[in-house]
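The values are calculated or read from the model by the stated rules, or taken from the named source; none is laboratory data. Quick caveat, the model's predicted, so the values are computed rather than measured. As a convention, Cβ positions derive from the backbone with ideal geometry for all residues, glycine included, and neighbour counts pool all protein chains shown. Just the protein is used for accessible areas: all its heavy atoms, side chains included, with ligands, DNA and RNA removed. Shrake-Rupley method; radii C 1.70, N 1.55, O 1.52, S 1.80 Å.
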Amino acid sequence: MSKIIAGNFKSNLTRTKIQEYYQILDSKIMPNDEVFLFPPFFALQQSQKFQIGAQNAYPANNGAFTGEITLEALKDLNINTLLIGHSERRTLLGENQEFCAQKFNFFKTQDFSIFYCIGENLEVRQKGFEMTKKFLAAQLQGIDTNYPNLILAYEPIWAIGTGKSASLEEIEEVHAFLKTLCPAKILYGGSVQKNNLTEILKLPNVDGALIGSASLDIYNFIDMITLARELS
Ligand code: 13P
């Protein structure tokens, strides 16, 4: 089975650059690759060979939610994949667990594919594995872990954008624990790069990777897709 390779552009790149990116990716992707991209809103569109998802959406059909994008707009763009619970939204934008669960439940009723992110900060991690497990389980509160279109992403905050991924042992330990709570596929994210991707993807409980900075360069991202392909 192919491992999932997902790129989260966050608030990077421009519409022009992303259009070029899509074109190059389209020409390089193979039928069995499982590739997802989460660009900023202005680059949301339908794609044939890879999936495009939104980094965020407001749980409503439409309405007075300045700065947000809602279901009606996503449907019009043929987007039915959504990232929920990313640590940057939880910490920088103040999204609490209740709101993440509200979003999850709204988009679940719309049959969206939901990439749901969880991950502990350094302070929690330093309190030990039991605390980490408790913290992660709390981030699943209100989430239907049996939802068939759920993909979980474990992204320890201390590994995001730091250039220092969690160790293979740390990743496997958490993923094995999460598999006891949730039958979904689980991606790892946090400083995944070309030089650590293969060994991370080889871990038994890792079903793919959610890649931030290393996805921004199209040729680097294609190399990562190729590495994942070699494992399938
Ligand atoms: P980096 O790969 O830049 O560490 O980001 C990971 C991430 O947050 C993906 O959602």
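What the table shows:
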quantity	calculated
Counted residues, region 182-211 - those being assigned to a loop (DSSP other than H, G, I, E, B), out of contact with any helix residue (DSSP H, G or I) (no Cβ under 8 Å at 6 or more places or on another chain) and open to solvent by less than 20 Å² (accessible area, probe 1.4 Å)	2
Test: residue in region 80-91 that is more than 16 Å from the ligand (Cβ to nearest atom) and open to solvent by 40 Å² or more (accessible area, probe 1.4 Å)	yes
Condition broken by Asn56, with the remaining ones in (1) in contact (Cβ under 8 Å) with a residue 40 or more places away in the chain; (2) within 16 Å of the ligand (Cβ to nearest atom); (3) open to solvent by less than 40 Å² (accessible area, probe 1.4 Å); (4) not in a strand (DSSP E or B) satisfied	(1)
Meets criteria (modelled with pLDDT of 95 or more and touching a strand residue (DSSP E or B) at 6+ places or on another chain (Cβ under 6 Å)) for Lys108	no
Those residues of region 110-138 which are part of a loop (DSSP other than H, G, I, E, B), surrounded by fewer than 20 Cβ atoms within 10 Å (Cβ to Cβ) and within 20 Å of the chain's Cα centre (by Cα), in sequence order	Gln110, Asp111, Asn121
Matching option when the condition is hydrophobic (A, V, I, L, M, F, W, C) and either more than 14 Å from Lys3 (Cα to Cα) or within 15 Å of the ligand (Cβ to nearest atom) (or both), among Leu178, Leu231, Leu203	Leu178
Test set (1) surrounded by 14 or more Cβ atoms within 10 Å (Cβ to Cβ); (2) of a type in the set (A, V, I, L, M, F, W, C); (3) in a loop (DSSP other than H, G, I, E, B) - Ala6 fails condition number	(3)
Candidates Ile157, Ile171, filtered to the one that is surrounded by fewer than 20 Cβ atoms within 10 Å (Cβ to Cβ), of a type outside the set (Gly, Ala, Ser), at pLDDT 95 or above and within 17 Å of the chain's Cα centre (by Cα)	Ile157
